[in-house]
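A.B. asks: Quick one: structure below, then a few questions.
The values are calculated or read from the model by the stated rules, or taken from the named source; none is laboratory data. This structure is a prediction, so every number in the text was calculated from the model and none was measured. Cβ placement follows ideal geometry from the backbone for every residue including glycine, while neighbour counts extend to all protein chains displayed. The area values use the complete protein model at the heavy-atom level, side chains included, leaving out ligands, DNA and RNA. Shrake-Rupley method; radii C 1.70, N 1.55, O 1.52, S 1.80 Å.
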Amino acid sequence: MKQVFGVEGMTCGGCAQGVEQKIAVLPNVSNVQVSLEKKNIEFETSKPITTTVIEALLPEKYKVYNLPNDKKQEIATSVKEEKTKLQQLRPLFLILSYISIASFWIHFQEMDVSAMMLTFMGLFYIVFSFFKFLDIKGFVNSFSMYDPLAKRFLAYVWVYPFIETILGLLFLTRTYTKIGLILTLIILGITTVGVTKTLINKEEIKCACLGTTLKLPMTEATFIENALMIIMAIQMLVFNFS
């Protein structure tokens, strides 16, 4: 039989993964699925399980409540209507718009496209690293859910915001620019592989590009922003450093 429970208290992909691991140890339970977006737990079981049993397995911050199967679709629809993906991504679009306008305005008089791209990349890294530092622990949990290198080396995740800050400063000060562009290709190339796999598998996890404070969903927008940076890095290397 299938059972579905609502759960409050999950704030990131790491929370969802932790809940899933704890539920999976229950006897007679299989096919455990935890949705951070829908705030529920779904699994197959041969014997009915109560909310008391679920809550006993989880930390006190989680609250579990019954969620009948016939209400699952209704609540999922309600959540979707309450906050669409476009609304969730609004902060990302605003930030990218501000960075784009600032980069254009700074170099408006000389109309130097290469300078505009370097400034854009520098501001991109500085702003995005700032949001990661707001909740670095949450970022570590979320980023390690999909980045291939982060999954293998946890230390890499902890230093990642610092790497972004350094790259931002290199681009803004025009220092060791070629090294920064090569690192951009490597780092964002690896991340884009993980993002692509997540999108193909339709996994419901949070995007860590702006940390976890803004709670952005993983969508095609994440792929596009990474691809944009990679394309600019390639163009700069080919036309300015070849």
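A.B. asks: Which value, in debye to the nearest 20, describes the size of the charge dipole of the chain about its Cα centre when Lys and Arg Cβ atoms bear +1, Asp and Glu Cβ atoms bear -1, and nothing else is charged?
C.D. replies: Numbers: 23 positive and 20 negative charges, 62 e Å.
For this selection, approximately 300 debye.
A.B. asks: For Lys61 and Phe93, FRET efficiency with R0 = 35 Å and r from the beta-carbon atoms, rounded to 0.05? Present the calculation step by step, with values, prior to reporting the outcome.
C.D. replies: Details: r = 32 Å, r/R0 = 0.91.
The value I calculate is 0.65.
A.B. asks: Here's another thing I want to ask about it. Can you give the calculated 222 nm mean residue ellipticity of the chain, where each DSSP H run of n ≥ 4 adds -39,500 (n - 2.57) and the sum is split over every residue, rounded to the nearest 500 deg cm²/dmol? Intermediate results must be reported in sequence, preceding the final value.
C.D. replies: Working: 11 runs with 154 residues, N = 242.
The per-residue figure over the chain is -20500 deg cm²/dmol.
A.B. asks: Please enumerate, by chain and number, the aspartates and glutamates with C-alpha under 13 Å from the C-alpha of Lys85, excluding those fewer than 8 residues away in the same chain.
C.D. replies: Reachable aspartates and glutamates: Glu37, Glu204, Glu220.
A.B. asks: Leaving out ligands and nucleic acids, and using a 1.4 Å probe, what accessible area per residue does the chain come to in Å²?
C.D. replies: Details: 13280 Å² over 242 residues.
I get 55 Å² per residue for this part.
A.B. asks: Further, regarding this structure: Assign unit charges at the C-beta atoms only (+1 for Lys and Arg, -1 for Asp and Glu), then state the dipole size of the range 146-237 relative to its Cα centre in Debye, rounded to the nearest 20.
C.D. replies: Values: 8 positive and 6 negative charges, 32 e Å.
It works out to roughly 160 debye.
A.B. asks: With the Cα gyration tensor of the chain in hand, convert its eigenvalues to equivalent ellipsoid semi-axes via √(5λ) and list them largest first in whole Å.
C.D. replies: After diagonalising the Cα gyration tensor, the semi-axes are 41, 18, 14 Å.
A.B. asks: Consider all pairwise Cα distances in the range 176-242 and report the whole-number % of them above 18 Å.
C.D. replies: Looking at the range 176-242, the distances longer than 18 Å represent 43 percent of pairs.
A.B. asks: Still on this structure, I have one more. Go through 13-19, 172-178 and give me the packing order, highest mean Cβ count within 10 Å leading. Let's see the in-between values first.
C.D. replies: Working: 13-19: 21.6, 172-178: 13.4.
Sorting 13-19, 172-178 by mean packing, highest first, produces 13-19, 172-178.
A.B. asks: I've got another one for you. So which of Lys38/Lys215; Lys2/Lys151; Lys39/Lys215; Lys39/Lys197; Lys38/Lys206 end up more than 20 Å apart by C-alpha?
C.D. replies: Working: Lys38/Lys215 14 Å; Lys2/Lys151 31 Å; Lys39/Lys215 14 Å; Lys39/Lys197 23 Å; Lys38/Lys206 12 Å.
In this structure, Lys2/Lys151; Lys39/Lys197 exceed 20 Å between Cα atoms.
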